[in-house]
Every structure is written in structure tokens, then in C-alpha cells.
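Written out below as C-alpha cells is the structure these notes cover.
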Number of protein chains: 2
Amino acid sequence: MDSIRVFAPATVANVACGFDIFGFAVTSPGDIITLTRRDEPGVVITDIIGDGGRLPREADRNTAGIAIQTYLRHIKRTDVGVEAVLQKQMPLGSGLGSSAASAVAGVYAINELLGRPLTTRQLIPFAMEGERIACGSAHADNVGPSLLGGFVVIRSYSPLDVIRINTPATLFCTLVHPDIEVNTKDARFILKNEVSLKNTITQMGNVAGLIAGLMSPDYDLISRSLVDVIIEPVRSILIPEFNEVKQAAVDNGALGCSISGSGPSMFALSRDAETAERVGAAMQQAFLSVGITSEAYVSEINREGPKVILK
Amino acid sequence: MDSIRVFAPATVANVACGFDIFGFAVTSPGDIITLTRRDEPGVVITDIIGDGGRLPREADRNTAGIAIQTYLRHIKRTDVGVEAVLQKQMPLGSGLGSSAASAVAGVYAINELLGRPLTTRQLIPFAMEGERIACGSAHADNVGPSLLGGFVVIRSYSPLDVIRINTPATLFCTLVHPDIEVNTKDARFILKNEVSLKNTITQMGNVAGLIAGLMSPDYDLISRSLVDVIIEPVRSILIPEFNEVKQAAVDNGALGCSISGSGPSMFALSRDAETAERVGAAMQQAFLSVGITSEAYVSEINREGPKVILK
């Protein structure tokens, strides 16, 4: 095989109560990478489409480039040379796991191109290295679900323990990205380093409830558990009309609604596609009431993760 | 029916990572209450066996008495009169949910005696009122599992949201009660009011992991998740030889080991009865190495909760 094309999905990290530990993949949007072998060793990014020229083209400063290079060093194949074309299909700095999707697409593609020397699960640490350059730390709550698909828990980072959770057969996600930008580093900076024991207990109850609700499945329990008393009250101040947009989602039948990753995108979960569509329209309308345009994506939970696309 | 006799089980609250939200019931030990109708209205405690004379005999200062009285007021049957004999079969102030077992036995018994006007789940608030007099606050993490059986999550207190979690077909609990005493109020007093965000995230990961491990079931995940970075490091200083006893449990095959409730009892979970017995002997030996005698109880998870005993 001389060339391969891979799609990797966007992801919703945190999922209300699960700051830094929960994430799930969607079926749309997502990034596409095309890798083509070349004779000289090393990774060259020949083009990035859809980023408005904002992402670094140097492979060792680009999330996908770093993920591929770290992988090649690990499997001792620095003799391999590839050209990469990255097709960004979602907004940057949006809270949709944009950098994770690129890193996952890159590392999944190179592993397929080389005949799959590692399992998909073994690829997580290399994609996390791509995240490190984008976010300042090697998080796994976007990379994990983008690579494994479905809903995942990052139980621990040392050692890394990524658990896949079964979700109901029908569970739809609405993503709304308002046309404003929040930097992930800023969104992390405003968080407090201490949490009251009372709020910790409340959050743990919701974490337990959400896992039990997803696995049972029990939609009412999912709905009652999609509550974040620690992060959302702080980060939501960075998102204009947050409360109104969330209320619009709930009023239109969403099980719950919160910030996607570090924002400014917001996600909602619904029992069926019709509700998810209606919720999206209502959320967009709420943003528009203060003059903020947005994109909406409605999607099932993506259970398969990255996939090879036939050209 | 003029008389009834009910057993209500001891419980392990907190279960390592789930401070104030997790609890499960065991099959032994537990308390027994006998209620007998009398002509005059009101609740009279005629005897308490096995408490060494330490519990209040006045019905409105006794956990079982208060639970029954609150229940009778709620169902507007203050015309009913009962005499109660309470048989304590576990140590007081032990972290085994002794006051909850008495309150649950009392309220379950009176509800049965009156032909079951309320469901078992509806009895939780009345048993919680019994807890309030014993612990200073109306906790549900012992009362919930003692009444419902099995492993429960207290997702929320306002409104009260008690969720029952499926557990593996074989899961054994070892309880070891060292012959020292810790007051629940003291054990709560030494806790810090603030938790680092880092520890909160770690604890949430373990909470999610334990629920997923129990429901899957996945014993290895249960084992990895039975970790408490918030409460155990503080409360364990009240228990002599805590680290050695815990290590003895793990070295002998326990999935995990931590403080039962607010201590000083310690619990361990194991895959089978043989391991649970061996773990108990090792834990007792570790206490004995510093001259502390103890009682050990080995039991399955109790899935049925309280039960009527034929006389």
C-alpha cells in the first residue's frame, strides 16, 4: 500500500459531570488525513485544507505530524517516509476535539499503512503526544473516544486506563459551535485548583449516575446525571447566552446540555434524531438572538472510531 | 398480625472511592427487631439486647424508635401502638451501619405489620430520620443499601435519588472490626472542606470505573477502581495498623480494601468465599500483631435487604 486516507471523528470531552475523564465520539464532523509514502525518511505535511492557514505546516509542530513521528520512533521505523495532506472539517479552538481528531487520523493512518503493527488501543499514547503540542498537556479525553469510538472513561493517567462504556442503541448528539473562539489554555487557566467537598460529592454522584444510566440504559437517569457543579459554572461565563442556549435545548426535549470540551461549542444529548434536530435549531436560535451565528451538527454516538476511506 | 420480627443487614458505606454516595449490604451481621402491637398509641422500646446498655431506651431518642414514629406520623396512623425489642448483633460506632440497620429494621417491620401501605423504597426517608439522631445528619448511604439490598448509589439528596447497581453473581465481602472505637462525628470532623481539583478528577475516574466494573462485570476494573485519594488518607490515621491490614488483604488476593463507613471497621472485596475467608484471617492477624483483637465477618453482597423472620 502506497497511500491511505483516514477519517477520525470529532469528540465531546467532559460530558457535563466528567471533567477530564469522560468523552464520546460523534459521526460528524471529523478530520481526514491522506498519507502517501515517499522515498526519503521523515514526515512532511504537504497541505492543510480548511484551517485558513492557521495550523503549523512543520511536522514537528503539528499535532498529526507529532503523533506520526512519535509512533514511528516507538516502532523503530524512522526509515519510513510519508507525505500528509490534512483536511480540517471542523472549526479550530472549538471544543470539538479538533487537534485530537487530526492526531488520531494521523496515527491510525500510519499504523494501517504499515500493516497494523499495533492495536488501535496501543495508539492512544502517540495521539496524546499530538494533544500535548495543541493543549499544553497530553490529555486523553478527546483522543480516547476518537480512537476507540463510543463513550470512554479515562479512569487514570498513570498508568493510562481507558475504559469503553456501552451506550443505548439510540442516543443522539447535537453539537452547536458559535462563531466565537475560546482558547483551551485560557479555559483551563480560569478553573479553580480547589473544589469544595460538597461539590465533589455531588459531582461523584452524577458521574456514577451517568455511567449507570448509559449502561442500563436508563434515559431518565442519564438526564438527571448530566449536571456539572464544578466546571460549567466557571467556564460558562466565557460563552455568551450560555444559560439561554442550554434552556432552549432542555425546553425542546434534550436529556441534558453542557459545554463540549473547553467550549465554546455546546452539546446536547437526545433520545432520537428528531429531538436532536429540533434541539439544534433552538440552540442556534438562542445564539442568534444576540447576533451570534453558529454551525450545528446532529449525529449518533460514533461506535466505530476512525475509518479508512476508499478514494 | 399482632407481632412481627425483622432482620436488617449491616452495610458498608463509601466503598473506597464513593464517599457519601456508595454503599452495599452484607448478609451478616445485622440487627433484629420484634414489634408487638399494644392497646395504647405510641412506640415503646421495652428492651435492647446486645448494646451493653449504651443505646437510649426512649423511643424518641432511639434510631429505630424515631424511624417508626416518623413513619406513623407520615401515614397518619399515630393511633397505632407498638412495643419494640431490639436485638443488636453488631458493635456500635463500628462503621458497619449499626444505627441504619436498627432504623431500617424498625421501619420495615412497622410497614409490614400494617399491611405494607408504602413500598420499600418509600421507607428510605423515615429510616434517614433515625440516622439523623445517631450521626447528626440524615445520611442515606447506609440506610439505602440496608433497605434496598445490593449496591446503591445516592446520586442526590435534594431530591433524593437512590440508584441500585447490579453486581457480579459472586462478590464476597470481608468485614473486620477491630476492638477500638471511632465516633462518626469525630471521623467527619477531621475531613477537609476543600479537595484539590486533581484529586477530584482522580476520584471521579475511580467512581466511574467502579460502577462500570460492577455492572460489566469486570473484576480487574473493580480492583483498579477501589482507590480513595480523598477520605482514606485522612481517616486512616484514626485506625492503628491501617496500612498493614490493607496490605495483608491485598497480598491475600482481595480486589481492594478500605475503611467501612467512617471506620474503624475495614472491608475487603474478593471474587470468592475462600479468598474472602483467607483475607479476613490475614487482616485479623495484622491487627493482632499490635495487640488489637477483632471480629471478622465474611458474607456475600446481600441482594434482598431486610427480611421477616419466622418466630
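Laboratory data are not the source of any read-out in this text; all were calculated from the coordinates shown. For clarity, every value in this text was computed on a predicted model and none was experimentally measured. Here the Cβ is made from the backbone with ideal geometry for all residues, glycine too, and neighbour counts use every protein chain on show.
A compact table of results
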item	result
Relative contact order computed over segment A:172-300 (Cα-Cα under 8 Å; 6+ residues apart), in percent	39
Of B:Y297, B:A282, B:F242, farthest towards positive along the dipole that unit charges on Lys, Arg, Asp, Glu beta carbons give segment B:172-300	B:F242
Candidates per GluC sites (Glu not before Pro) in segment B:115-181, loop by DSSP, up to 16 other Cβ within 10 Å	B:E181
Whole-Hz couplings from phi, Karplus 6.51/-1.76/1.60, listed for segment B:104-116; x for Gly and Pro	5, 4, x, 6, 5, 5, 5, 5, 5, 4, 8, x, 6
Restraint check, A:K192/B:K192; B:K88/B:K307; A:K88/A:K307; A:K76/A:K307, Cα-Cα greater than 19 Å	A:K76/A:K307
Loop sites in segment A:1-91: trypsin sites (Lys or Arg not before Pro), DSSP, at most 11 other Cβ within 10 Å	A:R54, A:K76
Within segment B:50-84, backbone nitrogen closer than 16 Å to the virtual label 7 Å beyond the Cα of B:D179 toward Cβ	B:52
Inter-copy separations for A:F189, label at 7 Å along Cα-Cβ, nm, ascending	4.4
Dipole magnitude of chain A, debye to nearest 20 (Cβ charges: Lys/Arg +1, Asp/Glu -1, about Cα centre)	700
Cα centroid of segment A:8-32 to Cα centroid of segment B:49-84, whole Å	52
Residue mean of other protein chain beta carbons inside 10 Å, B:206-219	6
Volume of the Cα convex hull of the protein assembly as shown, divided per residue and given in Å³	156
Reduced Cα scattering model of segment A:172-300, Debye log10 I(q)/I(0), q = 0.19, 0.22 Å⁻¹	-1.08, -1.30
Cβ-Cβ FRET estimate between A:V290 and A:S158, R0 fixed at 60 Å, reported to 0.05	0.90
Rounded to the nearest 20 debye, dipole of segment B:172-300 from Cβ charges on Lys, Arg, Asp, Glu	480
Cα-based reach from A:K198 at 12 Å (exclusive), listing aspartates and glutamates while leaving out same-chain residues under 8 positions away	B:D20, B:E194
For chain A, built as a Gaussian network whose Cα springs stay under 10 Å, the top-fluctuating residue of A:S270, A:S216, A:S262	A:S216
Mean residue ellipticity (222 nm) of chain B, computed from DSSP H runs ≥ 4 via -39,500 (n - 2.57), nearest 500	-10500 deg cm²/dmol
Directionally averaged shadow of chain B, computed from the convex hull of its alpha-carbon atoms, nm²	15.2
Copies compared at B:T46 - label distances in nm, ascending, label defined 7 Å from Cα in the Cβ direction	9.4
Among A:A268, A:A282, A:A101: highest mean-square fluctuation, GNM of chain A, C-alpha pairs under 10 Å	A:A282
FRET efficiency, B:K198 to B:D39 (Cβ-Cβ, R0 60 Å, nearest 0.05)	0.45
Average partner coverage of B:189-201, which counts Cβ from other chains inside 10 Å	5
Shortest-first nm distances, A:S158 label point to equivalent points in other copies (7 Å, Cα→Cβ)	3.9
Rounded to 10°, Cα long-axis angle of helix B:124-135 versus longest principal axis of chain B	70
Linear extension gain, B:R61 paired with B:S28, 0.36 nm per residue minus alpha-carbon span	9.3 nm
Net charge contributed by nearby residues that have their C-beta within less than 12 Å of B:V26 (K/R +1, D/E -1)	-1
Segment A:48-129: relative contact order in percent, alpha carbon pairs under 8 Å with at least 6 residues between	39
Residue with peak Gaussian network fluctuation, chain A [Cα springs, cutoff 10 Å], from A:I110, A:I190, A:I163	A:I190
Two-site label geometry, A:D186 and A:A281: point separation in nm, points 7 Å out along Cα→Cβ	3.3
Between segment A:160-226 and segment B:179-252, the alpha-carbon center distance in angstrom	22
Rel. contact order, % - alpha carbon contacts under 8 angstrom, at least six apart, segment B:246-304	29
Charge dipole (debye, nearest 20) of segment A:58-208; +1 at Cβ of Lys and Arg, -1 at Cβ of Asp and Glu	420
Approximate spin-label separation B:S137-B:I237, in nm, with each point projected 7 Å along Cα-to-Cβ	2.0
Rounded FRET efficiency, nearest 0.05, which uses the C-beta distance separating B:R116 from A:R73 and R0 of 60 Å	0.30
